[in-house]
Every structure is written in C-alpha cells, then in structure tokens.
Amino acid sequence: RCLDCVPSQHFCEKCIALQHHSNLTHRLQKWCFVEWNDVTFATIGVDKKLGHDGDQCPLAGDLVFELQLLHTTGFRPIRVVPCACPGFVVYQEFLRLRWMPISLSSLNYAVTFDVIEGYLRRNYTSHVSTYDYLKEVSVDAPDGLYVSH
C-alpha cells in the first residue's frame, strides 16, 4: 500500500510500480502476514530511468547507482539508471525532476525542491534554523549520514 496516496488502497508490487513510476518519493508498506512493514521502491526493483521519457537508455547497459533523496517525509533510497547518450548531464535531469544534488561531483545525495521550499517557508514564518529543519525531515537518515552542528 502507499501511505501518500488517497485513498490508500492495497496493490501488488507490480501495480504499485506501474502507478508510481513518477512518484518515487511516496512511502510504501508491504503486508507481511501479521503487520505492515516499510519497503522502498528500490527493494521492490523499481528504478528511476533518466532521459528517454522514463524508458531505458539503449546505451545504459548495467549503469545504475543508488541515490539517497531527502523528501519532506524523510529519506528515500532510489536506484537511478542514467542515460549514457553523449552530452547527457545527470544533474540537469535531477533539476528537471525538482531534485537538487548536494554535490555536482557525487550524485549520491539530493534533496527535493519541496524540502527547500518548506525550509524557506518555515524559516520565514517561524525563523527555524537549518539544523532544526533538517533534523525534523531527516528522522530516518541512512546509516553514516547525520545532521551535525
């Protein structure tokens, strides 16, 4: 089931993948006989294919990397399959998707524009610090990643 879609209906992994190919920031749960467990699109085998309108690049081969994307509901691990065509620039495609890379030299971490816009709103209205806002939205930070002063 998807926790971010309304109404939250129950679907198989294949149907969830088809319905969410452009919404990889949504939170998923899978029924495991007695309880709902959190899962990610990466764990059910869904990749974000860059370029070619979401289709696999014919030159990509086995190119794939994992991106930790910070959204307003926490971190989302996303498997990214970049386009391998000459002249394709991954960070430009990230910007089209409204994802801001943390660094142009290493594209393993990014934040959504929703996080940036949320921070700007909160800072303007209640003067929340960057540190406090990032602690709030990154409660499920992956191992080895933390917000420090």
Worksheet item: Regarding the chain, what is the average projected area of its C-alpha convex hull, in nm²?
Response: 10.9 nm²
Response to the item:
Looking only at lysines whose Cα falls under 29 Å of residue 14's and that sit 8 or more positions away or on another chain, we get 30, 48, 49
Discussion item. If you filter segment 29-112 for GluC sites (Glu not before Pro), then keep DSSP loop positions with at most 10 other Cβ within 10 Å, what is left?
Written reply: 35
Fill in: Range of Cα positions in segment 1-46 per principal axis (Å), largest first
30, 24, 16
Discussion item. What would the Debye equation give as log₁₀ I(q)/I(0) for segment 80-120 at q = 0.27 Å⁻¹, counting only Cα atoms as equal point scatterers?
Written reply: -0.97
Worksheet item: For the pair residue 72 and residue 97, how long in nm is the line joining their label points, each one 7 Å along Cα→Cβ?
Response: 1.9 nm
Worksheet item: For the chain, what is the calculated [θ] at 222 nm in deg cm²/dmol (nearest 500), taking -39500 (n - 2.57) for each run of four or more DSSP H residues and dividing by its residue count?
Response: -7000 deg cm²/dmol
Discussion item. Lone cysteines in the chain, defined as no other cysteine's Cβ under 4.7 Å from theirs: which are they?
Written reply: 12, 15, 32, 85
Fill in: Residues of the chain: accessible area per residue with a 1.4 Å probe, Å²
63 Å²
Item to complete: Could you please state how large a percent of the accessible area of segment 1-46 is carbon and sulfur, counting protein chains only and using a 1.4 Å probe?
Response: 57 percent
Worksheet entry | Length gained when the stretch residue 5-residue 19 is fully extended (0.36 nm per residue, less Cα-Cα span) | 4.0 nm
Item to complete: Using the Cα centre as the reference, give the magnitude of the dipole from point charges on the C-beta atoms of the chain (Lys, Arg: +1; Asp, Glu: -1; all else neutral), rounded to the nearest 20 debye.
Response: 220 debye
Worksheet item: So how strong a dipole does segment 1-65 carry about its Cα centre when Lys and Arg Cβ are +1 and Asp and Glu Cβ are -1, to the nearest 20 debye?
Response: 140 debye
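The values are calculated or read from the model by the stated rules, or taken from the named source; none is laboratory data. Being a predicted model, the structure only gives us computed values, none of them experimental. In this analysis, Cβ positions are derived from the backbone assuming ideal geometry, glycine residues included, and neighbour counts consider all displayed protein chains. The accessibility values were calculated without ligands, DNA or RNA, using every heavy atom of the protein model including side chains. Shrake-Rupley method; radii C 1.70, N 1.55, O 1.52, S 1.80 Å.
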